[in-house]
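To start, the structure under review is shown below, and the notes come after it.
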Amino acid sequence: MAYETIIVDIEDRVCTIKLNRPDALNALNSQLLGELATALGEADANDKVRAIILTGSQKAFAAGADIKEMSEKSFVEVFLQDFFGREHDALTKVRKPVIAAVAGYALGGGCELAMMCDFIIAADNAKFGQPEINLGVIAGIGGTQRLTRFVGKSKSMDMHLTGRFMDAEEAERSGLVSRVVPVKSLMEEAQGAAEKIAEKSMLSAMAAKEAVNRAYETTLAEGILFEKRLFHSLFSTEDQKEGMAAFQEKRTPQFRDK
Ligand code: CO8
């Protein structure tokens, strides 16, 4: 499919989706979110793709929802349209691993979008924030919930109430991002991580993703039970036999997703 607001590229089993509205610092309008949901769905369904990278430009991952597009909307409109509710659901239903490679601004909906990915690799110039309060609103696509789970109540309150930005170093220290790299090596680092994931059995990669995500949805006891059931079920796969045999034979495993 031809897209206007994103660029999709598949290389070495990795699908990279680049947000591409440079004049608006990749502000998230309806068209972009719709195209992104479609592209993620296509990548998820494409057997050649084993990991996905979501990125923006060096100046902005995304500077938030498009303020110009939404400024005149009424309560009735956003309520009846379930404004960005459907897109949120589509973006968070992707089963393959999704890495956010974030450089520059990740603000408002941009920060929320990065947090919907499985983990965030940040460039050293990245800036995260939930500045919606400056616009007379609050986060609307998961920010108050996900940021609080990642960085704790105090820092999340600080971010949402003052609207201040967090730099990459603070984001790593707080557990929001998994690693920080020089901006020039961001895509190389993300591609390397995605290729490493692409080498694994898709069965165990998807199971790991489901189990980690479960930690945010349930109690410890239920989460551990869920993990144990998935762990046990992987013993029914050829990939488990292959992985453990390869270890003992001191060779690289050849996973076949079976
Ligand atoms: N929406 C629309 N246009 C934007 C946005 C935005 N969020 N951010 C930047 N732009 C546009 C600017 O209007 C400008 O366009 P123009 O040249 O036509 O005036 C262009 O991008 C460049 O921006 P600046 O000139 O402002 O660039 P600076 O480098 O001076 O500043 C900043 C960069 C600090 C990022 C600044 O642009 C800024 O503060 N942007 C707004 C950040 C913000 O408030 N984000 C939160 C938006 S609300 C939100 O995300 C709600 C989430 C809930 C729903 C989520 C659905 C996805």
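The values are calculated or read from the model by the stated rules, or taken from the named source; none is laboratory data. Keep in mind the model is a prediction, meaning the values are calculated, not measured. Here the Cβ positions follow ideal geometry from the backbone for every residue, glycine too, while neighbour counts run over all protein chains shown.
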* Which residues, counting only those in region 144-168, are aliphatic (A, V, I, L, M) and exposed (fewer than 15 other Cβ atoms within 10 Å of the Cβ)? -> MET157, LEU161
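Just to confirm my filter: which strands (runs of 3 or more DSSP E) fall fully inside region 1-56 and include at least 1 residues that are hydrophobic (A, V, I, L, M, F, W, C), more than 16 Å from the chain's Cα centre (by Cα) and in the same structural domain as GLY110 (by the TED database)?
Working: elements: 6-11, 14-19, 51-55.
In region 1-56, the matching strands (runs of 3 or more DSSP E) lie at 6-11.
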* Starting from residues that are in contact with a strand residue (DSSP E or B) (Cβ under 6 Å, 6 or more places away or on another chain) and either acidic (Asp, Glu) or in a helix (DSSP H, G or I) (or both), keep the ones in region 169-186 and report whichever is surrounded by the most Cβ atoms within 10 Å (Cβ to Cβ). => ALA171
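Across region 74-130, which residue is farthest from LEU40 (Cα to Cα) among those that are part of a loop (DSSP other than H, G, I, E, B) and within 11 Å of the ligand (Cβ to nearest atom)?
GLN130
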* **Only listed residue being hydrophobic (A, V, I, L, M, F, W, C) and within 23 Å of the chain's Cα centre (by Cα), chosen from ALA221, ALA171, ALA245** => ALA171
* Structure fact -> Pairing a residue in region 105-117 that is not assigned by the TED database to the domain that holds GLU132 with any residue that is more than 7 Å from the ligand (Cβ to nearest atom), where Cβ atoms lie under 8 Å and the two sit 6 or more apart in sequence or on different chains, gives none
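Among the helices (runs of 4 or more DSSP H) contained in region 194-258, which hold 2 or more residues that are small (Gly, Ala, Ser), out of contact with any Gly (no Cβ under 6 Å at 6 or more places or on another chain) and within 26 Å of ALA45 (Cβ to Cβ)?
It comes to 202-214.
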* Asked: So, of the residues in region 19-59 that are of a type in the set (S, T, N, Q) and under 15 Å from MET70 (Cβ atoms), which turns out to be farthest from the ligand (Cβ to nearest atom)?
  -> GLN31
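Buried (at least 24 other Cβ atoms within 10 Å of the Cβ) and under 25 Å from PRO131 (Cα atoms): which single residue out of LEU28, LEU91 fits that description?
Values: LEU91 fails: buried (at least 24 other Cβ atoms within 10 Å of the Cβ).
None of the other options fit; the residue is LEU28.
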